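The structure under discussion appears below in the form of structure tokens.
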Amino acid sequence: MRICGIELTGSDAVVCLLNKEQGLFSLPETRVRKLSLKKDHTRADLQRFQAELVDFLREHGVEKVIIKERLQKGKFAGGAISFKLEATIQLIAEPGIEVELLSATQIKAILSNNPLPIAFADTGLKQFQEAAFTAAYAGHCANNRLA
């Protein structure tokens with residue numbers, strides 16, 4: 001199963017693809033590391049962002065999207081734009097693509113029971129993709145628990 005982990009930062013969606021086949025993980029090649037929402041944040045901009053993301057997901061054969069959920073309160077609460085992006089992604093109605101939210105607490109609990117099999121530094125991903133990578137990994141682990 002191929003999962004796309006997403007972390008929302010400001011008006012960007014940082015993405016990381018993680019594939020699991022026959023118990024082995026792989027990081028599929030992609031030039032796209034993040035998708036951005038245009039500055040106006042109009043309805044048309046949100047629809048364009050959603051269409052770009054769906055095209056990316058289809059192009060890479062993604063079956064599930066895991067979004068690292070934004071905090072609603074507190075020091076590290078998400079901004080208004082990131083909540084718009086989160087809702088836009090959740091509303092993707094593409095057949096064969098499931099969208100799920102995982103909170104930081106859920107991801108942490110999953111990682112404590114299923115430690116990463118490789119150090120993040122050894123993945124070859126950019127540092128800003130780490131949260132998206134751990135979200136994708138947690139999504140795979142959560143999927144296995146439910147299966």
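Return a yes/no flag: does segment 38-56 have any residue that is closer than 21 Å to GLU100 by Cα and part of a loop (DSSP other than H, G, I, E, B).
no
Quickly run through segment 113-132 and pick out the residues that are in contact with a strand residue (DSSP E or B) (Cβ under 8 Å, 6 or more places away or on another chain) and part of a helix (DSSP H, G or I).
Once the filter is applied, which keeps residues that are in contact with a strand residue (DSSP E or B) (Cβ under 8 Å, 6 or more places away or on another chain) and part of a helix (DSSP H, G or I), segment 113-132 yields PHE128, GLN129, ALA131, ALA132.
Exactly one of (1) touching a Leu at 6+ places or on another chain (Cβ under 8 Å); (2) in a strand (DSSP E or B) is unmet by LEU101. Its number?
(1)
Restricting the search to segment 1-49, which residues are among the polar types (S, T, N, Q) and more than 15 Å from the chain's Cα centre (by Cα)? Spell out how you get there, then give the answer.
To start, the set of residues in segment 1-49 that are among the polar types (S, T, N, Q) comprises 9, 11, 19, 22, 26, 30, 36, 42, 47.
Listed by number, the residues that qualify are GLN22, SER26, THR42, GLN47.
Across segment 92-147, what is the total count of residues that are touching a residue at least 60 places away in the same chain (Cβ under 8 Å), surrounded by fewer than 14 Cβ atoms within 10 Å (Cβ to Cβ) and farther than 23 Å from ARG33 by Cβ?
0
Pairs, please: C-beta under 8 Å, at least 6 apart or cross-chain, first residue of a type in the set (Ser, Thr, Tyr) and in segment 61-75, second at pLDDT 90 or above and assigned to a strand (DSSP E or B)?
Within 8 Å, no pair qualifies.
Of all residues being among the β-branched types (Val, Ile, Thr) and closer than 19 Å to SER11 by Cα in segment 50-69, which is farthest from the chain's Cα centre (by Cα)? Just the residue, please.
Initially, segment 50-69 is screened for residues among the β-branched types (Val, Ile, Thr), giving 54, 62, 65-67.
Subsequent filtering for residues that are closer than 19 Å to SER11 by Cα retains 54, 65-67.
Details: VAL54: 13, VAL65: 6, ILE66: 5, ILE67: 4 Å.
Step by step, filter segment 50-69, then rank; the result is VAL54.
Taking into account only those residues within segment 3-31 that are assigned to a strand (DSSP E or B) and in contact with a His (Cβ under 8 Å, 6 or more places away or on another chain), which is nearest to ASP45 (Cα to Cα)?
First, pick out the residues of segment 3-31 that are assigned to a strand (DSSP E or B): 3-9, 12-21, 24-26.
Still in the running and in contact with a His (Cβ under 8 Å, 6 or more places away or on another chain): 3-4, 17-18, 20, 25.
Working: ILE3: 25, CYS4: 22, LEU17: 24, LEU18: 27, LYS20: 33, PHE25: 34 Å.
Here the residue is CYS4.
From THR88, THR42, THR30, grab the single residue that is under 24 Å from THR123 (Cβ atoms), modelled with pLDDT under 95 and out of contact with any Pro (no Cβ under 7 Å at 6 or more places or on another chain). Spell out the reasoning first.
Values: THR88 fails: under 24 Å from THR123 (Cβ atoms); THR42 fails: under 24 Å from THR123 (Cβ atoms).
Sole residue among the options that is under 24 Å from THR123 (Cβ atoms), modelled with pLDDT under 95 and out of contact with any Pro (no Cβ under 7 Å at 6 or more places or on another chain): THR30.
The values are calculated or read from the model by the stated rules, or taken from the named source; none is laboratory data. All of these numbers come straight from a predicted model, not from anything done at the bench. With ideal geometry, Cβ positions are generated from the backbone for all residues, glycine too; neighbour counts draw on all protein chains shown.
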